[in-house]
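Have a look at the structure below, then the notes.
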Amino acid sequence: MSEITNRFVLSLFIGVLCMFNSFAQNKSSTTHLQSSSEYFEIPKEYINKPLLLINRITGYPNKLFYYGSSGMDVDYSVILKFEIDNNQLKVTQQQYQNNVGKDDIIKTSVRKNHFNPTICYIPIISVSEKNIKINTDVFKNDVKVFSPIDTETIDKYGLKPTSDDSIVINDIQLSQNSMLVSRTLNFTSQKSPEKHYSPNISVEQLLAFKILPETPMVRRKWDPRVGNFYLSTTKYDSEDVFIKEESFIERWRLEPENIAAYFNGILTKPKQPIVFYFDENVPQKWKKYMKQGILDWLPVFEKIGFKDAIEVHDKPKNVHWDDNDPNYNMIRWVSSEIQDAQGNYISDPRTGEILNGTLMWYQNYFSAVNDDYFVSAAAVDPSARKPVLPDSVFGQIMRRTMTHEMGHALNLGHNMIASSSYPTDSLRSGNFLQNYTLTSSIMDYAKYNYVAQPEDMPLPLLCVIAPYDYWAIEYAYKYVHPTGDNYQMEVPFTKEVIEEKLQDTHLEYMEQEYGKAMDPTNNTGDLGDNPILSGEYGLKNLQRIMPHIVEWSLPEDGDPAVVFSRYNQLVKQTDIIFRIVIKLIGGKKNRLAANMEYISESTDSQVVSAAMNFITDNVFNKMEWLYNHDLEKLSNENLYLKSVEKLQTNAIKRILNKDRLLRLIDSDNENNTTNATKVLRKCSDVILTQSTVEQIPLTVQKIYISTLKKRIEETSDDLILTYLLKNELDYIKKVVTSKIQNESNPLIKGFYAQLIK
């Protein structure tokens, strides 16, 4: 964006509004700064103090970002400092990522070699005993650090300021050690975001300059075997020959009111509980479910000695603080097409102390829940057999979702291995589930018990807080005696205690896999320790639903939208089952053992063979169950054929994934097996040799050949894989030549002739 130079006249008066927070028992005051001149006054307490810059979008153009809403925070941490330099206010960005002891001889070297950059200079108009009067132009200019929009988004839509005065200051406030600047940025665009029906784009933003705690919270050491969110800094020490990375967890500052009682095992209230407020947009009928989901964490904190650690309230009446003020933790209702819920926070990047939390329910998430629960549970739960789920079902799912999102707001990341903790068949047992949960953590993405069969009911179908969650909260929040040295990190448990804890496999954690995913136990959407058996149960339930999908989903007005949406979700769930099983092929189970040893275990040949049999039997055969005559009559396209092509194409691309094939080869070399060759031959036989056009559409057969050829082009540097792929292609040419000779349809003959050219 170009620099905005034209001055905007800010009219202001100064008034102080004393407000109260009766629930959290905190007093707050807000000062709105307004005048007829182009200035505002900063209290001197903001000078030479570390200020956390919180960059919050308060007025959001629909779909400007992939995920976005009013109340979202721009995701980066910046600490600023205001310093008086001659007759100007110098704004510098603090390089807080480097730590050195305050008395260490090298402290000056660390500072000089990580020099704080100057962001801008602000002209000072006058200085009084308590305040510094400054010019407001800095907030009407395009200072990059203050921008709410990244360069990639600006380039994507071709955003340009509408004019020289395109940034408008709306308001400036002082609130609880925070200076809040509200402004609107106005742009023209070459390309508008989807469903934004204007070439003009405006973004409303709140810039909060928050004075960081004068007494920083002691950092607590991060352990990679526990899934707490964390930050890292570099430690310099003149007594150490090495520079070290220090990682510490992010967490709320929970300290007992009565420390002696706490250490005597008496439940103790925290000095400052974690308090959330509903914004005014949350519909009344959903509040009880959202509140209960958040408060479900109370027993977890009670187990480590804290009573009433979390509170949830309506926003007090007759108060005037802005819902976007980062001094208040808000539960937001987002009227948006996004289908999701979120739990976010802002922390002090020096220590990891969480200073503000936000929980969001996107209204359109109901649509996803309506489809997802139907597909996962309609076979066993009659209440799901309606075009729209009852409010009671929506409410219970909302409760569990908010528990998960509150877990994020407390500092827990996803633990996707948790869903593989318990035996698959045990999840069909009422006796087992009276004592255990569906997964070992609610921070997994295993939402519903889709392996339960109709004859097993009644059984729990929703995930709840589980053993791992108790352990992760204990590691983050169990209060320990202060060390008295803020430079040293706090270690809540000895090495021996942690290793003893981790002997329980239900407390295991592994970071979520992205990209080159290889661990067949680290999945989204799986359940149980046997993906093949779980997949069989899941498919049985989908096959029970499919004949009734129109009957159970078509509303009285005959609008088929819900039917099609649920069918798409059913196909997606089928694809998830297949994806999870395919991960067994060339899979590597990864764990970080109690002694910090990294253990990687390849899937054995027997399991690889069983997984291939499951895929060939269910993906490339027996797909007729996906056909529903009544459904096809509602559609103007062949839904069955389209779905079969999609499922089979996805399976081919996953099986022939280059990294998967290379892992199979590595395992074969290590164990003197031939799994890579067998996998390729199994695919060729089921897709080409033994197939009919009804089983494997010609388009899918073509994709299989083209994917093989593409892999050969990509793997010319790996001689073994290239050899296997070329050898398989030679075999396919012989198979197809034979098919041509036996084929009576001249058009299909021509297809195969072209296929092997």
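Just so you know, all these numbers are worked out from the coordinates, no wet-lab data involved. Given the structure is predicted, the values throughout are model-derived calculations rather than measurements. Neighbour counts run over all protein chains shown; Cβ positions are idealised from the backbone, glycine included.
Relative to the Cα centre, what is the charge dipole magnitude of segment 505-612, using +1 at the beta carbon of each Lys and Arg, -1 at the beta carbon of each Asp and Glu, and rounding to the nearest 20 debye? Spell out each step's value before the answer.
Details: 10 positive and 15 negative charges, 55 e Å.
Computed about the Cα centre, the dipole is about 260 debye.
Enumerate the amide H contacts of ASN170 below 5 Å, restricted to partners 5 or more residues apart or on another chain; note that Pro and chain-start residues carry no placed amide H.
Sorted by chain and number, the residues that satisfy this are SER182, ARG183, THR184.
Within 13 Å, Cβ to Cβ, of ASP308, how many net charges do the neighbouring residues add up to if Lys/Arg are +1 and Asp/Glu are -1?
Details: positive: LYS269, LYS271, LYS307; negative: GLU257, GLU302, GLU311.
Taking every Cβ under 13 Å from that of ASP308, the sum is 0.
Using a Förster radius of 56 Å, what is the FRET efficiency between ASN200 and GLN754 based on their Cβ-Cβ separation? Nearest 0.05, please.
It comes to 0.60.
Please give the length that would be gained between LEU698 and ILE211 if that part of the chain were fully extended, namely 0.36 nm times their separation in residues minus their C-alpha to C-alpha distance (nm, one decimal).
On the way: separation 487, 0.36 × 487 = 175.32 nm, distance 6.55 nm.
My answer for the length gained is 168.8 nm.
Using a 7 Å offset from the Cα along the Cα-to-Cβ direction at both THR153 and ASN435, what is the distance between the two label points in nm, to one decimal?
Placing both labels 7 Å beyond Cα along the Cβ direction yields 5.2 nm.
Going 7 Å from the Cα of ASP322 along its beta-carbon direction, which residues of segment 182-215 have the amide nitrogen within less than 17 Å of the resulting point?
The answer is 182-186, 202-211, whose backbone nitrogens lie closer than 17 Å to the label point.
For segment 408-551, with equal point scatterers placed on the C-alpha atoms only and solvent neglected, what are the log10 I(q)/I(0) values from the Debye formula at q = 0.10 1/Å, to two decimals?
-0.43
To make sure I understand, if each residue's beta carbon is the centre and we count other beta carbons within 10 Å, what order do PHE115, PHE306 fall in, fewest to most? Walk me through the numbers on the way to the answer.
On the way: PHE115 9, PHE306 26.
Ranking PHE115, PHE306 by Cβ neighbours within 10 Å, fewest first, gives PHE115, PHE306.
Among the listed pairs LYS540/LYS749; LYS288/LYS501; LYS682/LYS709; LYS658/LYS678; LYS540/LYS646, give every one whose C-alpha distance is greater than 26 Å.
Working: LYS540/LYS749 37 Å; LYS288/LYS501 35 Å; LYS682/LYS709 17 Å; LYS658/LYS678 16 Å; LYS540/LYS646 20 Å.
Violating the 26 Å limit, Cα to Cα: LYS540/LYS749; LYS288/LYS501.
Give me the distance between the Cα centres of segment 506-526 and segment 133-173, rounded to whole Å.
41
Could you check the simple spin-label distance between THR673 and GLN93, using points 7 Å along Cα→Cβ, in nm with one decimal?
Result: 5.0 nm between the two label points.
Return the tail of the calculated pair distribution for segment 325-386, meaning the percent of Cα-Cα pairs more than 13 Å apart.
Values: 1315 of 1891 pairs.
Across segment 325-386, Cα pairs with separations above 13 Å total 70 percent.
Under a cut-off of 27 Å between alpha-carbon atoms, report the lysines in cross-link reach of LYS63, not counting same-chain residues fewer than 8 places apart.
LYS140, LYS144, LYS156, LYS160, LYS191, LYS195, LYS287, LYS447, LYS572
Within segment 101-125, name every residue whose backbone N is under 11 Å away from a label modeled 7 Å from Cα of ASP85 along the Cβ vector.
Inside the label zone: 116-122.
What net charge is computed for the residues neighbouring ASN170, neighbours being all others with C-beta under 10 Å from the C-beta of ASN170, Lys and Arg scored +1, Asp and Glu -1? Intermediate results must be reported in sequence, preceding the final value.
On the way: positive: ARG183; negative: ASP171, GLU204.
It works out to a net charge of -1.
Return the sequence-ordered ³J(HN,Hα) values of segment 408-423 in whole Hz as given by the Karplus equation 6.51 cos²θ - 1.76 cosθ + 1.60 applied to θ = phi - 60°, using x for Gly and Pro.
5, 5, 7, 2, 8, x, 5, 10, 6, 7, 5, 6, 9, 6, 10, x
Taking the square root of 5 times each eigenvalue of the Cα gyration tensor, what semi-axes in Å does the equivalent ellipsoid of segment 531-755 have, largest first?
Working: eigenvalues 220, 142, 34 Å².
Computed over segment 531-755, the values are 33, 27, 13 Å.
So how much slack lies between ALA593 and GLN606, counting 0.36 nm per residue of separation and subtracting their Cα-Cα distance, in nm?
Value of the extension gain: 2.2 nm.
Within the set of other residues whose C-beta is less than 12 Å from the C-beta of ASN55, count the net charge using Lys and Arg as +1 and Asp and Glu as -1. Spell out each step's value before the answer.
Values: positive: ARG56, LYS144, ARG183, LYS210; negative: ASP73, ASP75, ASP150.
It works out to a net charge of +1.
Taking 60 Å as R0, compute the FRET efficiency from the Cβ-Cβ separation of GLN690 and ALA261 and round it to 0.05.
Numbers: r = 73 Å, r/R0 = 1.22.
It comes out at approximately 0.25.
Please list 445-452, 328-335, 549-556, 490-497 highest first by mean number of surrounding beta-carbon atoms within 10 Å per residue. Could you put the intermediate results ahead of the total?
On the way: 445-452: 24.2, 328-335: 21.4, 549-556: 16.5, 490-497: 13.1.
Going from most to least packed, we get 445-452, 328-335, 549-556, 490-497.
Using the Karplus curve 6.51 cos²θ - 1.76 cosθ + 1.60 with θ = phi - 60°, work out ³J(HN,Hα) for each residue of segment 81-97 in order, rounded to whole Hz, and write x for Gly and Pro.
Computed from phi, the couplings for segment 81-97 are 9, 9, 10, 7, 10, 6, 9, 9, 9, 8, 10, 10, 9, 7, 8, 6, 6 Hz.
When you take every Cα atom in segment 14-211, what is the radius of gyration, and what is Dmax, the widest Cα pair distance, in Å?
Using the Cα atoms of segment 14-211, the pair Rg, Dmax is 18.8, 61 Å.
Explain nothing, just the number: relative contact order of segment 531-755, from Cα pairs under 8 Å at least 6 residues apart, as a whole percent. If you can, show how the numbers build up before the last one.
Numbers: 186 pairs, mean separation 38.7, N = 225.
Contact order relative to length: 17 percent.
At a Förster distance of 51 Å, what's the computed FRET efficiency of SER128 paired with ALA368, Cβ-Cβ distance as r, to 0.05?
On the way: r = 56 Å, r/R0 = 1.09.
Taking R0 as 51 Å, the efficiency between SER128 and ALA368 is 0.35.
Stretch TRP625-GLU499 to full length: gain in nm at 0.36 nm per residue minus the Cα-Cα span? Working shown, then result.
On the way: separation 126, 0.36 × 126 = 45.36 nm, distance 4.88 nm.
That works out to 40.5 nm of additional length.
With contacts defined as alpha carbon pairs under 8 Å and 6 or more residues apart, what's the relative contact order of the chain in percent?
Rounded, it is 9 percent for the chain.
Hey, which aspartates and glutamates would be in cross-link range of LYS90, C-alpha to C-alpha under 18 Å, not counting anything within fewer than 8 residues on its own chain?
Partners found: GLU41, GLU45, ASP137, ASP142.
How about LYS734: which aspartates and glutamates have a C-alpha closer than 14 Å to its C-alpha, ignoring those fewer than 8 places off in the same chain?
Candidates past the 8-residue exclusion: ASP685.
Residue-wise, which Karplus ³J(HN,Hα) couplings in Hz belong to segment 254-271, taking 6.51 cos²θ - 1.76 cosθ + 1.60, θ = phi - 60°, and x for glycine or proline?
Here the 3J(HN,Hα) series is 9, 10, x, 4, 10, 5, 4, 4, 4, 6, 8, x, 9, 4, 10, 6, x, 4 Hz.
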